[in-house]
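Some notes on the structure that comes next.
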Amino acid sequence: MLKAAVLGAGYMGSAITYPLSENNIKVNLWGTWLDDEIIKSSLEGYHPKLKKPLPDTVTPMYSDRLSDAVKDVDIIFIAVLSDGFVNVFKMLLDAINKKDYYFFKLTKGVVEYDNRIVRASQASQEMFEKKFPGTDFKWATIGGPVKANELSDKIPTASIYALNKSMPKDMPFRFSAGFYPVTITDDIPGVEVSSAFKNVYAIAVGICDGLFKASRPGMYHNFSAFIFNQAMIEISRIAVAAGGRTETVFDLAGIGDFYVASLSGRNARYGEFVGKGENPGDVFNKMFSAGEVAEGYYALKLGVEWIRSLGMDLQQDLPLLDHLYRIVFDAKEPMETLLDFIREMKVRFKSVL
C-alpha cells in the first residue's frame, strides 16, 4: 500500500484524501497550528469544514507531529495557505533527511521568498536544492475546477497536474478515480498562474453579485460575462509573461477553475461583500476569523508587485486587475470604479476599428 502525507488540514488538503483513499493510499493528514480544532474534531470522527468523517485510511496529526507525518512516506501533498507556504516548506525540509520524495502542490498563489515575490514552485525548488544540492526535485503543481466539498462528496470533476522533468509522468495517474480523472501537462507556470489569479478575478465577479444581486436578481449576467471574458484575457497575458502557454489558461487550469470560482466559493463571496459596500480589509479579516480565507486577497496584494517584475504595465496590459486593485487596496468605490473600467474599455474597443 502506498502512503502519503498531506500538509494542511483545511478544505482542499482534506478533500484530496478522498481520491487517495479510493486508490488504497494511506494518508497522514498533518494540520498546521491553525488547524488544531480541525484535527481535534477529525480525530473524534467529523471534519468540521467538509462536514463528514474522513476516510478510514486517513490519520489526522497535530502540528507538533510533522516529522512523524512525513518520516515513512514518499508522496507529499502541500495544501497550506499561500501566506504560510514558505515557512511550512522550510519546516518540511528540516523534518526530512532522505532525498527521494514526490511533491505535489495544491496551494494557490504567489509567495514572498528571499526578499522577492515568486511562484511557489520556484521558491520550493530553491529551498530544496539548498538542502539537497545536485538532487532531482520531483514536483507537480495541481490545478483545475476542483471544489473541495464536491470532491469529498465524489461529485465528478477533473484535475490537471503540471509536472517538472524529474516527476515520473505516470505518478499522478495513481491518484485518479472515477470521480477524479487526472490529466497532465508540463506547463507549470501556466497552471500556477491560472490557479492563483482565478481567485483574484473571482473577486471581481463577486463584486458584480454584491452590486446587483439584491436589486436585479438574474438580470446582470451581461456585466458578469464581460468581466469574466476580460479576466480570461488578462490571466492568459500574465501566464505568457511568466513563461506559460495560452492553451493552458483556456483549459481546465484556467477557464475551468475560474468558472467554478466565479459561481461560488470564498473569493466570490468576499467580492460580494465588497460589492455591497463593506470595507475590503474588514471583510477579509472577518472571513479569516471565521476560518474562511479569501486567497485571492493575498494573491492580488502580492501579485501586482510580481506582475511588475515580469515587465508588465498594469494599466495598459491588465486594466481589470488595475481597477480591482483600486477597489480592494485603495478603497475606491466599486460601482464607479467598474464603470471607469467600462469607459476605458469602450475607448480601447473604438481605437481598434
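Per-structure values
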item: For the chain, share of DSSP beta bridges that run antiparallel, in % to the nearest 5; result: 30
item: Over the range 189-351, relative contact order from alpha-carbon pairs under 8 Å, at least 6 apart, %; result: 31
item: Mean Kyte hydropathy of 0.0 or more with a Cα span along the axis of at least 24 Å, helices from DSSP in the chain; result: 188-212, 221-241
item: For the chain, built as a Gaussian network whose Cα springs stay under 10 Å, the top-fluctuating residue of A231, A253, A95; result: A95
item: Entries in K52/K105; K105/K169; K52/K154; K40/K147 that, when Cα-Cα distance is taken, lie over 18 Å; result: K52/K105; K40/K147
item: The chain, dipole about Cα centre (Lys/Arg Cβ +1, Asp/Glu Cβ -1), debye to the nearest 20; result: 340
item: Charge sum, other residues only, whose C-beta stays under 13 Å from T157's C-beta, Lys/Arg counted +1 and Asp/Glu -1; result: -1
item: Extension reserve of the D170-D64 stretch, reckoned as 0.36 nm per residue once the Cα distance is removed; result: 34.9 nm
item: Cβ-Cβ FRET estimate between N24 and K98, R0 fixed at 25 Å, reported to 0.05; result: 0.60
item: Net charge contributed by nearby residues that have their C-beta within less than 11 Å of L324 (K/R +1, D/E -1); result: -1
item: Exposure proxy order (Cβ contacts within 10 Å, fewest to most) of M171, M345; result: M345, M171
item: Hydrodynamic radius by Kirkwood, which averages 1/r over all alpha carbon pairs of the range 1-76, in angstrom; result: 11.9
item: Mean residue ellipticity (222 nm) of the chain, computed from DSSP H runs ≥ 4 via -39,500 (n - 2.57), nearest 500; result: -15000 deg cm²/dmol
item: Choice from A261, A290, A242 with maximal GNM fluctuation in the chain (Cα, 10 Å cutoff); result: A290
item: V58, V274, V193 arranged by Cβ crowding within 10 Å, fewest neighbours leading; result: V58, V274, V193
item: Two-site label geometry, L310 and Y46: point separation in nm, points 7 Å out along Cα→Cβ; result: 4.4
item: Relative contact order (percent, whole number), the range 3-186, Cα cutoff 8 Å, 6+ residue spacing; result: 20
item: Spatial separation of Cα centroids for the range 1-53 and the range 118-139, in angstrom; result: 25
item: Residue exposure sequence - L320, L81, L339 - by fewest surrounding Cβ within 10 Å; result: L339, L81, L320
item: The chain, relative contact order [Cα under 8 Å, separation at least 6], %; result: 14
item: FRET efficiency for K131 and L2, using Cβ-Cβ distance with R0 set to 25 Å, rounded to 0.05; result: 0.55
item: The range 189-351 shape via C-alpha gyration tensor axes, a/c threshold 1.5; result: rounded
item: Extended-chain gain in nm, criterion 0.36 nm per residue less alpha-carbon gap, F329 and M91; result: 82.5 nm
item: Share antiparallel - DSSP beta bridges, the range 3-186, percent rounded to 5; result: 30
item: Overall form of the range 296-348 per C-alpha gyration tensor (a/c, 1.5; a/b vs b/c); result: oblate
item: Radius 14 Å from Cβ of V182, net charge of other residues (Lys, Arg +1; Asp, Glu -1); result: -1
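None of the figures in this text is laboratory data; all of them are computed from the coordinates on show. What you see is a predicted model, and the numbers here were worked out from it, not measured in a lab. Using ideal geometry, Cβ is built from the backbone for each residue, glycine included, and neighbour counts are taken over all protein chains shown.
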